[in-house]
Amino acid sequence: MSTALMSSVTPGAIRQDEIRVMVVDDSVVIRGMISRWIDAEPDMKVVASLRTGLDAVNQVERINPDVAVLDIEMPELDGISALPQLLAKKRDLIVIMASTLTRRNAEISFKALSLGASDYIPKPESTREGTAADGFHHDLIQKIRHLGARARRRSVASPPLAPTLERTQPQAKPAVPAPPATAAAPPARRQFGLTAPRALVIGSSTGGPQALMSLVTDIGPVIDRFPVLITQHMPPTFTTILAEHLARSSRRPAAEAVHGEIVKPGRIYLAPGGRHMKVVRHGTDAEIALDDGPPVNFCKPAVDPLFTSAIDIWHGALLAVILTGMGSDGMRGGKDIVAAGGSVIAQDEATSVVWGMPGAAANAGICAAILPLNQIGPKVVQLFSGVRS
């Protein structure tokens, strides 16, 4: 039998607020390791451990998981082939693609995002790589928690009908309706900076690749005249391919930044995986400085080092955009940009895969605008043309 179902789990054994996770990987070692990590968390539970994509497709409706961790390379039916079939059977399934860090697998992961996967995660080459395994552990649990919480909220908002058997039980007295909840006040907005921006810095994480490719298609006039610098939380190899996708989407040069290169208009500079990207002054020019220091906000590359360093070059003539992502990276750097006279735009919650980073900036009161993704590009173009309203 190629399937390891959680047969000891009865319907009542899983709390209603636990995130139900299906692990699909042909390696028994990887399945066991991931399952132990998940079951050690109080807010999530492995409901199935499966060897192939075919097993997952055949059983997803019965298992009814919130999240699937789906390997790419498997016998019978690989992950990229199984993905659309899983989503056809369970449209709201959160799928996290897992793969070893190769160019081929990175390309497949990007394709999976376009087919409906919510996120991806690179697996370490060996479970004996201590630091790599620890990073994989941390990142996987955080992705399951943040993406799965959204799935659970949707489930609670549309609860299933009670089983017919329960209708024969004595009916409880109707509960006294609770007063309607008071809507939370929207985050405060600041005025846009007085100076038209001369550089655009962007930070993103979970959901970022799709958001970035959409945004750069809308800001061509800005890219032509001003430098655009991006930090996306992403490992090596993946950033190489993301840069290629950004070049195709924008029809402008885009590449991983190189230490010591001069920053010029007409190009998109992307922080390479595993290195922080900063800008430093070189005479009258701005120069890329790659930093191999420790992670910032648990991330490397991180957004805050880019944002903060850009102030030394462009001062208040700086616009920051914070897109979808987990955590709060970019919020502190955004505060510094606003204090220097620049401006911050955050993606809104409705269009964010995870409203962590943009939500942190919004709730800190540093944003001049909180916009749906499709409105950010036009606003950026407007601001760089000198229109502030």
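We did not get these values from a lab; they are worked out from the coordinates using the rules stated. If you're wondering where the values come from, they're calculated on a predicted model, not measured in any experiment. As a convention, Cβ positions derive from the backbone with ideal geometry for all residues, glycine included, and neighbour counts pool all protein chains shown.
Structure notes:
- Placing R0 at 22 angstrom, the Cβ-Cβ distance between Leu101 and Ile262 gives a FRET efficiency of 0.15 after rounding to 0.05.
- Short-range pairs are left out: with C-alpha atoms under 8 Å and at least six residues apart, the relative contact order of the range 199-384 is 23 percent.
- Across q = 0.18, 0.23 Å⁻¹, the range 229-352 modelled as identical point scatterers on its alpha-carbon atoms has Debye log10 I(q)/I(0) values of -1.00, -1.55, in the order of the q list.
- Relative protection proxy for 108-115, 212-219, from highest mean packing down: 212-219, 108-115 (other beta-carbon atoms within 10 angstrom).
- Backbone HN-Hα couplings from phi across the range 45-50 [Karplus 6.51/-1.76/1.60, Hz, Gly and Pro as x]: 8, 6, 9, 6, 10, 10
- Counting Lys and Arg as +1 and Asp and Glu as -1 over every other residue whose Cβ lies under 13 Å from the Cβ of Ser99, the net charge comes to -4.
- For the range 334-346, Karplus couplings with θ = phi - 60° (6.51, -1.76, 1.60), whole Hz, Gly/Pro x: x, 4, 5, 5, 5, 4, 7, x, x, 9, 10, 10, 10
- Figure legend: label point modelled 7 angstrom from the Cα of Asp92 along Cα→Cβ; residues of the range 340-376 with amide N under 18 Å from it are 350-355.
- Proxy reagent accessibility, fewest Cβ within 10 Å first, across Ser249, Ser343, Ser118: Ser249, Ser118, Ser343
- Our coupling estimate for the range 93-107, obtained by passing each phi through the Karplus curve with A = 6.51, B = -1.76, C = 1.60 and θ = phi - 60°, is 5, 8, 10, 10, 6, 10, 7, 6, 8, 10, 4, 4, 5, 5, 4 Hz, Gly and Pro reported as x.
- Per-peptide average of other Cβ atoms within 10 Å, ordering 253-266, 234-247 highest first: 234-247, 253-266
- Rel. contact order, % - alpha carbon contacts under 8 angstrom, at least six apart, the range 251-344: 23
- For Val95, nonlocal amide neighbours, meaning residues 5 or more places apart or on other chains whose placed amide H falls under 5 Å from its own, are Ala68, Ser118, Asp119.
- Between Val321 and Val201, Ile202, Gly203, Ile345, the built amide H atoms are under 5 Å apart, and every one of these is 5 or more places off in sequence or on another chain.
- Amide H contacts under 5 Å for Lys90, placed H, 5+ residues apart: none
- The range 42-111: equivalent-ellipsoid semi-axes (sqrt of 5 x gyration tensor eigenvalues, Cα, Å): 20, 14, 11
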